[in-house]
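J.: Please find one structure pasted underneath; my questions will follow.
The values are calculated or read from the model by the stated rules, or taken from the named source; none is laboratory data. Since this is a predicted model, take the numbers as computed values, not measurements. Cβ coordinates were reconstructed from backbone atoms using ideal geometry, including for glycine residues, and neighbour counts include every protein chain displayed. All accessible areas refer to the heavy atoms of the entire protein, side chains included, with ligands and DNA or RNA removed. Shrake-Rupley method; radii C 1.70, N 1.55, O 1.52, S 1.80 Å.
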Amino acid sequence: MMIDIKFIRNNPELLRQAIKNKNEKADLDTLLNTDETRRRLQFDFDTLKAEQNSVSQVIAQKKRAKEDASAELSQMARVAEQIKGLQTELTAVNAQMESLLLTIPNVPQSNVPIGRDESCNEVIRHVGEPVKLDFEPKDHLEIATQNGLLDLMRGAKISGSGFPIYTGLGARLERAIINFMLEYHLQKHGYTELMVPLAVNRKTMTGTGQLPKLEDDMYHISEDDLFLIPTAEVPVTNFYADEVLSYKDLPLKHVAYTPCFRREAGSYGKDTRGLQRLHQFNKVEMVRFVEPQDSEAALEEMLQDAEDILQAFGLHYRVVSLCTGDLSFASQKTYDLEVWAAGGKKYLEVSSVSNFGEFQARRANIRYKDATGKLNHLHTLNGSGLATPRLMIAILESYQNADGSINIPEVLAPWMNLKI
RNA sequence: GGAGAGUUGCCGGAGUGGUUGAACGGGACGGUCUCGAAAACCGUUGUACCUUUACGGGUACCCAGGGUUCGAAUCCCUGACUCUCCGCCA
């Protein structure tokens, strides 16, 4: 499957532009040349095979009639040899095609701002007001330390930096946040929960587009060639890999809580204080499977689903439309939600909501039969709803008191067995 | 970890190395019949690629990858997965 080679063949300039705008390094010319070679080989192969098939029947007839078929046999011996040669070439070219196709990114939607990097992202709107504190706010790490919520030193001791340990009330708070978000999506947004494997195979990682590009960013268990998931998107989207669904099943909406693992190779020393950037963190993820004509509307809906969580916490945030240079490899349009951190006085990314069009469905081979019985690739979307670390930062910093204590957000009370 | 059995189309289930893309049954869909329905009968019912303005034609696919052969669903090798039994273990 992969990305549609016919589409690439017919729209090379569109692809060239998309690759450039996304700052990707995909070799389109080699791909197109290889495609031509492949088609020529395939044609020759098919032609010879057709000859072999028909003469083989003649041989069968003659043998049954006890006639001499030695002329045909020697002719076919030659043909068989040629076929074998072509077969070898074809196999090699097909493999080359596949690895080239895997490096072609998804094409951004036309309404995505064009730009090199995040400085070109477009702020769509601000929602709510930054919390007003009549004292100099502390940052989340100070608050967490003072209240005994986190033990990063011991996390570093037993695993390494970036593997946080939530302690006591901190652990309960983290768990309450996760449960609150999960139940919110289940009960108010109509998602169905999945609890999924945290280690997945290579095919699965390729299906959603993490591989081959991001192999260095993932934890890999070489013994079994398994990868720790960087997001629940991977196992949840691949839930339907190699399947054919019915239009009657759609839209499908799944939500899953999982820890996420990221090596964050190459980002050392950047925004590392406290919970800002971690190798392991918790996230509730929403995934949707929809008919193609519904995916644009579904993206807006999912964005709202994620926003609802921030609003439930009464946190100020902004919605950002990512520019082409900041879009992920597989995405054709992405909104980020950035929550206001009162202590650090900056916006922190807590959610990324993306429409992948048919890109992932092609790679993972997820199809559906539409109302007319026609087979199509469906569209996939996903969005964080939300990632907890930076949400925790915003909560601690927004709900702090002058004496360094913190209040528990009202919506979490039922999840912590607290009476407020 | 050890031993055995298996993997065929939407499902069940045949298949001797040569007209098998695949018998037979079921399901689904269309039609005949009927006031309507059931039953019965007739027909249709895979995917991908190449080619053709079109009708059509060609190739591949019977878990995956190799091999034997003029020719493989059918024979051989390797691997994946499923099931049963034993061992170990939460």
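J.: So what is the calculated 222 nm ellipticity per residue for chain A, using -39500 (n - 2.57) for each DSSP H run with n of 4 or more, over all residues, to the nearest 500 deg cm²/dmol?
T.: On the way: 12 runs with 166 residues, N = 420.
Calculated mean residue ellipticity at 222 nm is -12500 deg cm²/dmol.
J.: Tilt of helix A:388-398 relative to the longest C-alpha principal axis of chain A, in degrees (0 to 90, nearest 10)?
T.: Approximately 20 degrees, to the nearest ten.
J.: May I ask you to give the percent of accessible area on chain A that is carbon plus sulfur, with a probe radius of 1.4 Å? Display every interim value, and only then the final one.
T.: Details: 10200 of 20450 Å².
Carbon with sulfur: 50 percent of the solvent-accessible area.
J.: Sorted by mean Cβ packing within 10 Å, highest first, what order do the peptides A:63-71, A:381-389 take? If you can, show how the numbers build up before the last one.
T.: Details: A:63-71: 10.2, A:381-389: 26.4.
The packing order, highest mean first, is A:381-389, A:63-71.
J.: Let me ask another. What whole-number distance in Å separates the alpha-carbon centres of the range A:87-102 and the range A:27-85?
T.: If we compute the Cα centre of each part, the gap is 20 Å.
J.: How far is helix A:169-188 tilted off the main Cα axis of chain A, in degrees rounded to 10, range 0 to 90?
T.: 60
J.: How big, in percent, is the set of alpha carbon pairs in the range A:5-101 lying more than 17 Å apart? Please list the in-between numbers first.
T.: On the way: 2904 of 4656 pairs.
Roughly 62 percent, rounded to a whole number.
J.: Here's something else I'd like to know. Nearest 10 degrees, 0 to 90: what angle lies between the long axis of helix A:28-64 and the longest principal axis of chain A (Cα atoms)?
T.: With both axes taken from Cα atoms, the answer is about 40 degrees.
J.: Distance between the C-alpha centers of the range A:115-194 and the range A:224-284? Whole Å please.
T.: Measuring centre to centre over Cα atoms gives 17 Å.
J.: Lone cysteines in chain A, defined as no other cysteine's Cβ under 4.7 Å from theirs: which are they?
T.: Singleton cysteines: A:260.
J.: How large is log10 I(q)/I(0) at q = 0.20, 0.22 Å⁻¹ when the Debye formula is applied to the Cα atoms of the range A:122-168, each weighted equally and without solvent?
T.: Results for the range A:122-168 at q = 0.20, 0.22 Å⁻¹ read -0.75, -0.79.
J.: Something else: State the extension gain, in nm to one decimal, for the chain segment bounded by residue A:411 and residue A:216, taking 0.36 nm per residue of separation less the distance between their alpha-carbons.
T.: On the way: separation 195, 0.36 × 195 = 70.20 nm, distance 3.89 nm.
Going from the current span to full extension adds 66.3 nm.
J.: What GluC sites (Glu not before Pro) does the range A:214-309 have in DSSP loop regions with at most 11 other beta carbons within 10 Å?
T.: Values: sites: A:215, A:223, A:233, A:243, A:264, A:285, A:296, A:300, A:301, A:307; in loops: A:223, A:264.
Those that pass, being in a loop and sparsely packed, are A:223.
J.: At q = 0.10, 0.12, 0.15, 0.20 Å⁻¹, work out log10 I(q)/I(0) for the range A:248-406 with the Debye formula, treating every Cα as an identical point scatterer and leaving solvent out; two decimals please.
T.: -0.42, -0.59, -0.86, -1.32
J.: Additional query: Would you list, by chain and number, the lysines whose Cα falls below 29 Å from the Cα of residue A:63, excluding same-chain residues fewer than 8 positions away?
T.: Partners found: A:49, A:84.
J.: Quick one: of the DSSP bridges fully inside chain A, what percent are antiparallel, nearest 5? Can you show the working numbers first?
T.: Numbers: 49 of 55 bridges.
Taking every DSSP beta bridge with both residues in chain A, the antiparallel ones total about 90 percent.
J.: Related question: Averaged per residue, what accessible area in Å² does chain A show with a 1.4 Å probe, protein chains only? Mind showing how you got there, number by number?
T.: On the way: 20450 Å² over 420 residues.
For chain A, the per-residue accessible area is 49 Å².
J.: Kindly identify chain A as rounded, prolate or oblate by the Cα gyration tensor criterion: order the square roots of the eigenvalues as a ≥ b ≥ c, call it rounded if a/c is under 1.5, otherwise compare a/b with b/c, prolate if a/b is larger, else oblate. The partial results should precede the final answer.
T.: On the way: a/c = 2.51, a/b = 2.46, b/c = 1.02.
The shape class here is prolate.
J.: Which aspartates and glutamates, on any chain, are close to residue A:213 with Cα under 13 Å apart, when same-chain ones fewer than 8 places away are left out?
T.: A:24
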